[in-house]
């Protein structure tokens, strides 16, 4: 502790450096995974984004599976944050029909090229790779290539990956892993997707 009125030059310099550390330097980014068979993986990632935005940080969400043709509450909500929250919806939808494999592969490749660039720039504090586990499972995106980009990212960037059956090698590199467990789901009782809850 420094006594008032008697700080040396070195003490004042140390005080300024400590303040710069606390207020001027960003924390080290972490890797977050939301996986498992239960609902809530994208919802959890959006919650992380909302919290980051509330602290003045920036976020970028790249959706690998969801189609821009479908309605999305998160896209509408993102408008309120201006250029601090980008959402890129680049998927071809959830139905992986054999005759649509080429289209899904092209879409996944394009989504990853965009996401890799967003991570590498360091312009975003949080980058979410939504439902990337599906392209991993189908071989549309190379797991090793994704992990290489994540490992080489700027120090402050947080990366969040979502999707069921996330590869073991991704889980091994993550700092935080949560697996969603389905206990009950209205879909099992014949209810369709609910506006504002499911999309």
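The values are calculated or read from the model by the stated rules, or taken from the named source; none is laboratory data. Predicted model, so just to flag it, every value in this text is computed and none were measured. Counting neighbours? That spans all protein chains shown, and the Cβs are built from the backbone with ideal geometry, glycine included.
Could you list, in sequence order, all residues of the stretch 58-86 that are closer than 16 Å to residue 123 by Cα, within 13 Å of the chain's Cα centre (by Cα) and either surrounded by fewer than 22 Cβ atoms within 10 Å (Cβ to Cβ) or touching a residue at least 40 places away in the same chain (Cβ under 8 Å) (or both)?
Result: 58, 59, 60, 61, 62, 86.
Filter the stretch 46-83 down to residues that are in contact with a strand residue (DSSP E or B) (Cβ under 7 Å, 6 or more places away or on another chain) and assigned to a helix (DSSP H, G or I), then give me how many there are.
The qualifying residues number 7.
Residue 128 is checked against (1) more than 17 Å from residue 141 (Cα to Cα); (2) within 17 Å of the chain's Cα centre (by Cα); (3) not in a helix (DSSP H, G or I) and fails just one. What number does that condition carry?
All conditions pass for residue 128, except number (1).
Please state which one of 111, 120 is within 26 Å of residue 137 (Cα to Cα) and either in contact with a helix residue (DSSP H, G or I) (Cβ under 7 Å, 6 or more places away or on another chain) or modelled with pLDDT under 95 (or both).
Residue meeting the stated conditions: 120.
Rundown of residues vs (1) surrounded by 12 or more Cβ atoms within 10 Å (Cβ to Cβ); (2) within 18 Å of residue 41 (Cα to Cα); (3) in contact with a strand residue (DSSP E or B) (Cβ under 7 Å, 6 or more places away or on another chain), yes/no style:
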position: 91; (1), (2), (3): yes, yes, yes
position: 104; (1), (2), (3): yes, no, no
position: 137; (1), (2), (3): yes, yes, no
position: 157; (1), (2), (3): yes, no, yes
position: 164; (1), (2), (3): yes, yes, yes
position: 185; (1), (2), (3): no, yes, no
position: 197; (1), (2), (3): no, yes, no
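Output yes when any residue across the stretch 136-152 is assigned to a loop (DSSP other than H, G, I, E, B), under 12 Å from the mean Cα position of the chain (by Cα) and at pLDDT 95 or above, and no when none is.
No, every residue in the stretch 136-152 fails to be assigned to a loop (DSSP other than H, G, I, E, B), under 12 Å from the mean Cα position of the chain (by Cα) and at pLDDT 95 or above.
Only one of 96, 2 is farther than 22 Å from residue 199 by Cβ, modelled with pLDDT under 95, touching a helix residue (DSSP H, G or I) at 6+ places or on another chain (Cβ under 9 Å) and not in a helix (DSSP H, G or I). Can you tell me which?
None of the others qualify; the one that does is 2.
Which of the residues that make up the stretch 174-199 are touching a helix residue (DSSP H, G or I) at 6+ places or on another chain (Cβ under 9 Å) and in a helix (DSSP H, G or I)?
Residues satisfying the conditions do not exist here.
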